[in-house]
Amino acid sequence: MKKIGIFYGSNTGMTAEVAEEIAASFGISKEDVHNVSKSAPSEVAPYDVLLLGTSTWGNGELQDDWYDFIDGLEALDLKGKKIALFGCGDETMRDTFCGAIGELYNRLQKTGATFVGAFDANVYDFDNSPAFIDGVYVGLCLDQVNKEELTAPRIKEWVAKVKTEI
């Protein structure tokens with residue numbers, strides 16, 4: 001059985017709530033859910049699968065607590081690990097919706113990890129997303145502000161997809 005860890009950053013609590021919902025859907029214990037503001041990158045070591053979550057701020061940037069954590073994570077050899085990305089954004093940010101997911105994806109390319117969990121975000125109404133790379137959304141994009149009713153069913157569908165890919 002694969003050991004799964006969730007690492008997230010959250011300013012307003014929305015991404016933290018999503019991380020908890022995802023943990024419940026996977027049956028992941030609270031000890032395996034980590035706020036990156038209180039975690040070291042080395043804490044990913046015991047996990048086979050990393051579920052990484054961030055909200056998107058400003059002009060498509062990562063949530064603030066991610067910057068030090070991602071710097072350390074980029075330096076690690078994550079070969080053999082699988083990464084699935086999720087995040088919260090606001091579709092009214094027409095050109096940057098869930099852009100932080102794209103930043104995590106791009107910055108972690110050199111770690112040797114395999115990415116899973118690409119997901120369709122076209123039920124939202126936006127023009128562009130940095131999370132749309134090579135024809136796919138590289139993670140689960142959620143809008144807790146404008147379309148909160150889509151969150152639970154999308155999490156359920158994404159979790160089922162990730163389970164088949166790990």
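Projecting each Cα onto the charge dipole of the stretch 38-166 (Lys/Arg +1, Asp/Glu -1 at the beta carbon, about the Cα centre), which of Gly139, Ile166, Val123 comes out farthest on the positive side?
Ile166
How about the chain: what cysteines have no other cysteine beta carbon under 4.7 Å from their own?
Those would be Cys88, since no other cysteine Cβ in the chain comes under 4.7 Å of theirs.
How much of the DSSP bridge set in the chain is antiparallel, in percent, rounded to the nearest 5?
Details: 4 of 26 bridges.
Expressed as a percentage, antiparallel bridges in the chain total about 15.
Beta carbons within 10 angstrom, averaged per residue: use that to sort the peptides 89-102, 21-34, 4-17, highest first.
Result, highest mean Cβ count within 10 Å first: 89-102, 4-17, 21-34.
If one takes the longest principal axis of the Cα atoms in the chain, at what angle in degrees, from 0 to 90 and to the nearest 10, does the Cα axis of helix 151-165 lie?
40 degrees
With a sphere of radius 11 Å drawn around the Cβ of Thr111, what net charge do the other residues whose Cβ falls strictly inside it have (Lys, Arg +1; Asp, Glu -1)?
+2
At q = 0.12 Å⁻¹, work out log10 I(q)/I(0) for the chain with the Debye formula, treating every Cα as an identical point scatterer and leaving solvent out; two decimals please.
Values returned for q = 0.12 Å⁻¹ are -0.44.
Provide the FRET efficiency to the nearest 0.05 for the Ser29-Ile166 pair, computing r from the beta carbons and using R0 = 22 Å.
So the FRET efficiency works out to roughly 0.80.
Roughly what would the spin-label model give for Glu20 and Asn122, points 7 Å off Cα along C-beta, in nm?
Between Glu20 and Asn122, the simple spin-label model gives 3.5 nm.
Counting only protein heavy atoms and a 1.4 Å probe, tell me what percentage of the stretch 1-115's accessible area is made up of carbon and sulfur.
That fraction is 48 percent.
Counting helices only, and only those DSSP H runs with n ≥ 4, report the 222 nm mean residue ellipticity of the chain as the sum of -39,500 (n - 2.57) divided by its residues, in deg cm²/dmol to the nearest 500.
It lands at -8500 deg cm²/dmol.
Leaving out ligands and nucleic acids, note down the accessible area per residue over the chain with a 1.4 angstrom probe, in whole Å².
46 Å²
Looking only at Lys81, Lys156, Lys38, which one moves most when the chain is put into a Gaussian network model with springs between Cα atoms under 10 Å?
Ranking Lys81, Lys156, Lys38 by mean-square fluctuation puts Lys38 first.
Where nothing but the Cβ of Lys and Arg (+1) and of Asp and Glu (-1) is charged, how large is the charge dipole of the chain around its Cα centre, in debye to the nearest 20?
Using Cβ point charges on Lys, Arg, Asp and Glu, the chain gives about 720 debye.
Quick one: work out the % antiparallel among DSSP beta bridges in the stretch 20-90, nearest 5.
20 percent
Using alpha carbons only, how many degrees (0 to 90, rounded to 10) separate the axis of helix 14-26 from the longest principal axis of the chain?
That helix lies at roughly 60 degrees to the long axis.
The values are calculated or read from the model by the stated rules, or taken from the named source; none is laboratory data. All of these numbers come straight from a predicted model, not from anything done at the bench. Note that each Cβ is placed from the backbone with ideal geometry, even for glycine, and that neighbours are counted across all protein chains shown. Keep in mind that these areas ignore ligands, DNA and RNA; they rest on the heavy atoms of the full protein, side chains included. Shrake-Rupley method; radii C 1.70, N 1.55, O 1.52, S 1.80 Å.
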